[in-house]
Amino acid sequence: MQVNKIEGTFNVKDVRIGIVVSRWNSFITERLLEGTVDTLRRHGIEESRIDAVYCPGSFEIPLVASKLAETGKFDALICLGVVIRGGTPHFEYIATSTTRGISDVMLKYQIPVGFGLLTTDTIEQAIERAGTKAGNKGGEVAMTILEMISLSGQLDSL
Ligand code: RBF
């Protein structure tokens, strides 16, 4: 193919990343945070360039992300939360509103915002995705964010 192919790499330098962590289901969100920071660190991002901001629950994530983005100090944000169905309609409300809110922040502020919100039927499924059977989604979202920082930089200088 002779097209100009534009794609991100995982090689990004001197960036500042903000992570929003929900305290609800904190024993799982802390594992997601560990996975995120470990992956960023192994790709050359110094921990001093990573800020982790805690909020009460997933519902609060979009506001915190929005305030961080508003500072203009972050190249990207990563949002971490765990919403477990648990048989109440709250699951749908919280999951839907948080998802939409995170997406809104990304589009409004034009910076990559990683979606690390686990939405599961059971607590076991959430544990599986936070460093056990199904890997660590925190690490996966960190990889996505590195790629998106790289891609955004290239698109900004087209
Ligand atoms: N927050 C989460 O991050 N994950 C949840 O699974 C979760 N479940 C909730 C269930 C109920 C019934 C309520 C009232 C709140 C829940 N929250 C959950 C907290 C929510 O995100 C928010 O912090 C609070 O509703 C306060 O605004």
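The values are calculated or read from the model by the stated rules, or taken from the named source; none is laboratory data. Not measured: the values here are computed from a predicted model. Note that each Cβ is placed from the backbone with ideal geometry, even for glycine, and that neighbours are counted across all protein chains shown. Remember, those area values only see protein heavy atoms, side chains included, never the ligands or the DNA or RNA. Shrake-Rupley method; radii C 1.70, N 1.55, O 1.52, S 1.80 Å.
Considering each of Gly57, Gly35 in turn, give the residue that is in contact with a Gly (Cβ under 7 Å, 6 or more places away or on another chain) and small (Gly, Ala, Ser).
Just one listed residue meets the conditions, Gly35.
Taking segment 88-97, which residues are within 12 Å of Thr120 (Cα to Cα) and open to solvent by 80 Å² or more (accessible area, probe 1.4 Å)?
Glu92
Of everything in segment 74-96, what is under 22 Å from Thr144 (Cα atoms) and either within 14 Å of the ligand (Cβ to nearest atom) or out of contact with any strand residue (DSSP E or B) (no Cβ under 8 Å at 6 or more places or on another chain) (or both)? Give them in sequence order.
Residues satisfying the conditions are Cys79, Leu80, Gly81, Val82, Val83, Ala95, Thr96.
With the structure loaded, tell me whether Arg49 is at pLDDT 95 or above and open to solvent by 80 Å² or more (accessible area, probe 1.4 Å) or whether it fails that test.
yes
Can you tell me which residues in segment 98-124 are at positive phi and open to solvent by less than 40 Å² (accessible area, probe 1.4 Å)?
Selection gives nothing.
Checking the structure you have, find out if any residue of segment 109-124 is assigned to a loop (DSSP other than H, G, I, E, B), β-branched (Val, Ile, Thr) and in contact with a strand residue (DSSP E or B) (Cβ under 9 Å, 6 or more places away or on another chain).
yes
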